[in-house]
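**Student:** Here you go, one structure.
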2 protein chains.
Amino acid sequence: MPKKVGVLTGGGDCPGLNAVIRAVTRRSLVRGHTIVGIREGWRGLVDGHFMELGPREISGILPRGGTILGTTRTNPYKTDGGVEQVLENFRAQSLDALVAIGGEDTLGVASRLFAEHGLPVVGVPKTIDNDLMLTDCSPGFGSAAKYLATSMREAGMDVRSMAGGRRVFILEAMGRHTGWLAGACALAAEGPGEPPHIVLMPEVPFDLERFLSEVESCLAHYNCCTIAVAEGLVDQEGRAIAEQRSATVYGHEQLGGIGGWLAQRIRERTGVTCHAAVADYLQRAGRHLASAMDVAQAYAAGAEAVRLALARTTDVMTTIERLQDEPYRWQIGTAPLGDIGDREKPVPREFIREDGLHVTEAFLRYLRPLIAGEAPPAFRDGLPDYRLIPWPAVPKRLPAFG
Amino acid sequence: MPKKVGVLTGGGDCPGLNAVIRAVTRRSLVRGHTIVGIREGWRGLVDGHFMELGPREISGILPRGGTILGTTRTNPYKTDGGVEQVLENFRAQSLDALVAIGGEDTLGVASRLFAEHGLPVVGVPKTIDNDLMLTDCSPGFGSAAKYLATSMREAGMDVRSMAGGRRVFILEAMGRHTGWLAGACALAAEGPGEPPHIVLMPEVPFDLERFLSEVESCLAHYNCCTIAVAEGLVDQEGRAIAEQRSATVYGHEQLGGIGGWLAQRIRERTGVTCHAAVADYLQRAGRHLASAMDVAQAYAAGAEAVRLALARTTDVMTTIERLQDEPYRWQIGTAPLGDIGDREKPVPREFIREDGLHVTEAFLRYLRPLIAGEAPPAFRDGLPDYRLIPWPAVPKRLPAFG
């Protein structure tokens, strides 16, 4: 019997999102089911903002950045009457199941809606931060890792070209609580002594003195020093340095992040010219550097999720299971959605060098397959061609259920 | 008669540098001349650090970032005995002429060495800032422009995906005194109302009130606001805001640039989440997004420079002459090196919208051909393959001339 499945994307943007949407839609359409796209994450289910996804809507979206459904961080549990409206709209649309694509927040809401109200839902992990439990990696991470490693390699060549001039370069990666993204910058090196020379992750409390010694040592050895740092680097008390500095030292002023702060400490100590780049949204929006592996895994995770949803195997999330590092082998698995919890998966200690200032070969072995392969968009007039398919106007509210 | 020409690259790195080196070398070799690569810009000529460039050295360097010669900002006029050593080493190597690739500083030194000492030199313009007089554009700019416009388009899609959440994104481009790079971000838009919504350039003194009104207006219209800003944005008195703030308000602290400062002003006024990316070196090192047109022009400018050098037509620089906007037609020209002066070419007023908050169609017409075409490197193991050709060890000092 034909079924009707809703799909939504929550949280931040990342390259694989449209791949998941496409997989969910194609997999359903070929079997005669109906897919309802929910606009802007949970908000669309609260507000009743839907549209049917057909071949036209998903045509050409695979190499497109953004998500054709839009996304918000709206949480129905933090919205007045949100949960009731979600349930009401779910019934009003006669949905059989829901596929929710997102990180901890999005999937946490999904899990709770199932646990408390029996809402049949299947999760698909998606976060560039790679901090979800239960899955070996999360769609979104591989592409961001590829972007950051490419950026570090290129900036590293720039810095080394100018090494006669002695300089330091810092690349600030996202990662409020984990160092997966900062660590991915280490892929840039093709040999010993190549950039990045230092990798700082929130898993290791920051020791300024040890860090500055290492910078000086790099300058002595290589005439330059290149550093990858996670935005959420913490001090010995576990407090985020960037946040703390802005709060305690400068009152209301929020004065940029950890990269600029480190740069200033280095300038004070060494007097060397120090540049800091902040990749910010560019690292998760950089669709032109998407990892083909990441896109493939996103697609596979989406296809399996909708298969489960149609089979009414709900309250699970699809996972990426690693079978082997090299040659890389993986498969899609599942895990109970309720087990995802609200804990972020830290970079394990064996992935971090003993002195806490770099990664280990084990981390690189983990990372390498995730950035494999290119999946570039078409270019038009010199730029990636991400033209939008215009959406037809749809009524924002459905009639009340009853 | 076979001649011997030296080549050096000065100033910052950019994608077209190796293309110029390759053109200079190939053009000479096929005619039986000798090309001597000078390491690390003027420093190599001061220190006598040379090496012969042959087919092996320039093999495969076209799609490589960095410069195989290395670069510094060393100025012989600011180095004790520097000028004398330059002249001595030039004679010791029996060089017939010198090709100097660089921006205002590098070419200014070249011009002065000719004027004061008759050193036969030909300049090749190179700067991502595009602020050199006498040439329609400078090799290096087109690729940086393509990188920034791509980044703005991708981040803009990210921001619009999340537009339900209302947010502001700022991309800080290089440009201490001119807005060419910030302006290039405007290429990202494919239609009215698309990112970037605001473009701030140092050519227009910054008016905070007017700016914040525009941000609010964008938020009202589009639910988001995306901004490109040049690092060197100035206040009504013509002082760089970022520098001034750090100096006067926070003493020795150098607290990040204009992007973070604007973000804070916007947060204070609107309460909206505001992100700032700082492209820094990534915009000039981003070889994977090089403009094919930029690389072609760099190559042509290099080939013509060495032709002139071999013909002893010196004290000139090669230029890019624009013959037509659309379809774009250009040719290599020349200009007296002495005319380059120390003035930076500002973005002309007719390229800036009347309210100073965006660019005009005339600016876009100027920019479009410069980012045309892709010239990507090969990828290996998921990343651009920029492997270095190992240089043989060379004695750093030559025996004294005499």
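The values are calculated or read from the model by the stated rules, or taken from the named source; none is laboratory data. Small disclaimer: the values here were computed from a predicted structure and weren't measured. Backbone-built Cβ (ideal geometry, glycine too); neighbour counts: all protein chains shown. Note: areas computed on protein heavy atoms with side chains; ligands, DNA, RNA excluded. Shrake-Rupley method; radii C 1.70, N 1.55, O 1.52, S 1.80 Å.
**Student:** Considering only residues that are within 11 Å of chain A (Cβ to nearest Cβ) and open to solvent by less than 20 Å² (accessible area, probe 1.4 Å), look in region B:362-377 and name the one that is nearest to B:Ala186 (Cα to Cα).
**Tutor:** Checked region B:362-377; the qualifying residue nearest to B:Ala186 (Cα to Cα) is B:Leu367.
**Student:** Return the residues of region A:19-68 that are among the basic types (Lys, Arg), within 14 Å of chain B (Cβ to nearest Cβ) and in a helix (DSSP H, G or I); say none if nothing qualifies. Please lay out each step first, then the result.
**Tutor:** Keep residues of region A:19-68 that are among the basic types (Lys, Arg), which gives A:22, A:26-27, A:31, A:39, A:43, A:56, A:64.
Subset that is within 14 Å of chain B (Cβ to nearest Cβ): A:39, A:43, A:64.
Hit for region A:19-68 is A:Arg43, nothing else.
**Student:** Turning to a different aspect of this structure: Taking A:Pro192, is it surrounded by 20 or more Cβ atoms within 10 Å (Cβ to Cβ) and farther than 19 Å from B:Val278 by Cβ?
**Tutor:** Considered against the rule, which asks whether it is surrounded by 20 or more Cβ atoms within 10 Å (Cβ to Cβ) and farther than 19 Å from B:Val278 by Cβ, A:Pro192 comes out as no.
**Student:** When both residues are 6+ apart or on different chains and their Cβ atoms are under 8 Å apart, which pairs have a first residue that lies in region B:332-355 and is in contact (Cβ under 8 Å) with a residue 12 or more places away in the chain and closer than 18 Å to B:Leu119 by Cα, and a second that is of a type in the set (Gly, Ala, Ser) and open to solvent by 60 Å² or more (accessible area, probe 1.4 Å)?
**Tutor:** B:Gly338/B:Ala115
**Student:** What are the residues in region B:195-215 that are open to solvent by 10 Å² or more (accessible area, probe 1.4 Å), touching a helix residue (DSSP H, G or I) at 6+ places or on another chain (Cβ under 8 Å) and β-branched (Val, Ile, Thr), if any?
**Tutor:** Those that are open to solvent by 10 Å² or more (accessible area, probe 1.4 Å), touching a helix residue (DSSP H, G or I) at 6+ places or on another chain (Cβ under 8 Å) and β-branched (Val, Ile, Thr): none in region B:195-215.
**Student:** Suppose the filter is crowded, with 18+ Cβ neighbours inside 10 Å and among the acidic types (Asp, Glu); does A:Glu116 pass it?
**Tutor:** No; evaluated as a whole, the condition is false for this residue.
**Student:** Among the residues that make up region A:141-160, is at least one of them within 14 Å of chain B (Cβ to nearest Cβ), open to solvent by 10 Å² or more (accessible area, probe 1.4 Å) and modelled with pLDDT under 95?
**Tutor:** The answer is yes; a qualifying residue exists.
**Student:** Could you list, ordered by first residue, the pairs with Cβ atoms under 9 Å in which the first is in region A:184-196 and more than 11 Å from A:Arg153 (Cβ to Cβ) and the second is open to solvent by 40 Å² or more (accessible area, probe 1.4 Å), at least 6 apart or interchain?
**Tutor:** A:Gly193/A:His221; A:Gly193/A:Tyr222
**Student:** Scan region A:337-378 for residues that are at pLDDT below 95 and of a type outside the set (D, E, K, R) and jot them down.
**Tutor:** Within region A:337-378, A:Leu337, A:Gly338, A:Ile340, A:Gly341, A:Ala375, A:Pro376, A:Pro377, A:Ala378 qualify.
**Student:** Does B:Val306 qualify as being open to solvent by less than 10 Å² (accessible area, probe 1.4 Å) and either of a type outside the set (Lys, Arg) or within 21 Å of B:Gly108 (Cβ to Cβ) (or both)?
**Tutor:** Yes.
**Student:** Follow-up. Could you check region A:168-192 and list, in sequence order, the residues that are closer than 18 Å to A:Leu282 by Cα and assigned to a loop (DSSP other than H, G, I, E, B)?
**Tutor:** Matches in region A:168-192: A:Met174, A:Gly175, A:Arg176, A:Gly179.
**Student:** On the given criteria, is A:Val30 closer than 18 Å to A:Arg307 by Cα and crowded, with 22+ Cβ neighbours inside 10 Å?
**Tutor:** So A:Val30 fails the test.
**Student:** Taking region B:1-18 as the search range and keeping residues that are surrounded by 19 or more Cβ atoms within 10 Å (Cβ to Cβ) and in contact with a Leu (Cβ under 6 Å, 6 or more places away or on another chain), which one is farthest from B:Ile128 (Cα to Cα)?
**Tutor:** If we take residues in region B:1-18 being surrounded by 19 or more Cβ atoms within 10 Å (Cβ to Cβ) and in contact with a Leu (Cβ under 6 Å, 6 or more places away or on another chain), then B:Lys3 is farthest from B:Ile128 (Cα to Cα).
**Student:** Identify all residues within region B:255-267 that are more than 8 Å from every other protein chain (Cβ to nearest Cβ), more than 28 Å from the chain's Cα centre (by Cα) and without any contact (Cβ under 8 Å) to a residue 60 or more places away in the chain; write none if there are none.
**Tutor:** Scanning region B:255-267 gives a single hit, B:Arg265.
**Student:** Are any of the residues in region B:196-206 at pLDDT 95 or above and within 10 Å of chain A (Cβ to nearest Cβ)? Step through it out loud before you land on a result.
**Tutor:** Filtering region B:196-206 for residues at pLDDT 95 or above gives B:196-206.
Now narrow it down to the ones that are within 10 Å of chain A (Cβ to nearest Cβ): none.
No, that holds for no residue.
**Student:** Of everything in region A:257-285 that's of a type in the set (D, E, K, R) and at negative phi, which residue is surrounded by the most Cβ atoms within 10 Å (Cβ to Cβ)?
**Tutor:** The qualifying residue surrounded by the most Cβ atoms within 10 Å (Cβ to Cβ) is A:Arg284.
**Student:** Here's another thing I want to ask about it. Condition check: within 30 Å of A:Gly260 (Cα to Cα), within 14 Å of chain B (Cβ to nearest Cβ) and open to solvent by 30 Å² or more (accessible area, probe 1.4 Å). Does A:His288 satisfy that? Spell out the reasoning first.
**Tutor:** On the way: within 30 Å of A:Gly260 (Cα to Cα): yes; within 14 Å of chain B (Cβ to nearest Cβ): yes; open to solvent by 30 Å² or more (accessible area, probe 1.4 Å): no.
The answer is no for A:His288.
**Student:** Out of A:Leu181, A:Leu171, A:Leu107, report the one residue that is at pLDDT below 95, open to solvent by less than 10 Å² (accessible area, probe 1.4 Å) and either of a type in the set (Gly, Ala, Ser) or under 21 Å from the mean Cα position of the chain (by Cα) (or both).
**Tutor:** None of the others qualify; the one that does is A:Leu107.
**Student:** To continue, here is another question. Every residue in region B:107-140 that is in a loop (DSSP other than H, G, I, E, B) and either touching a Gly at 6+ places or on another chain (Cβ under 7 Å) or within 11 Å of another protein chain (Cβ to nearest Cβ) (or both), please.
**Tutor:** First, the residues of region B:107-140 that are in a loop (DSSP other than H, G, I, E, B): B:118-120, B:126-140.
Those that are in a loop (DSSP other than H, G, I, E, B) and either touching a Gly at 6+ places or on another chain (Cβ under 7 Å) or within 11 Å of another protein chain (Cβ to nearest Cβ) (or both): B:Lys126, B:Thr127, B:Ile128, B:Asp129, B:Leu132, B:Met133, B:Pro139, B:Gly140.
**Student:** Checking the conditions here, which among B:Ala163, B:Ala188 is more than 25 Å from A:Ala242 (Cβ to Cβ), at pLDDT 95 or above and within 9 Å of chain A (Cβ to nearest Cβ)? Give the derivation first.
**Tutor:** Details: B:Ala163 fails: at pLDDT 95 or above.
Result: B:Ala188 is the single residue among B:Ala163, B:Ala188 that is more than 25 Å from A:Ala242 (Cβ to Cβ), at pLDDT 95 or above and within 9 Å of chain A (Cβ to nearest Cβ).
**Student:** Quick check, is A:Pro63 under 30 Å from A:Arg387 (Cα atoms) and surrounded by fewer than 20 Cβ atoms within 10 Å (Cβ to Cβ)?
**Tutor:** When the stated conditions are applied, A:Pro63 passes them.
**Student:** Something else about it: Please list, ordered by first then second residue, the pairs with beta carbon atoms under 9 Å, 6 or more apart or interchain, first in region B:199-221 and farther than 21 Å from B:Asn130 by Cβ, second open to solvent by less than 20 Å² (accessible area, probe 1.4 Å) and of a type in the set (Ser, Thr, Tyr).
**Tutor:** B:Cys218/B:Thr226
**Student:** Sticking with this structure for a sec: Just name the residue that is nearest to the chain's Cα centre (by Cα) out of those in region A:268-285 that are within 7 Å of chain B (Cβ to nearest Cβ) and assigned to a helix (DSSP H, G or I).
**Tutor:** In this case the residue turns out to be A:Arg284.
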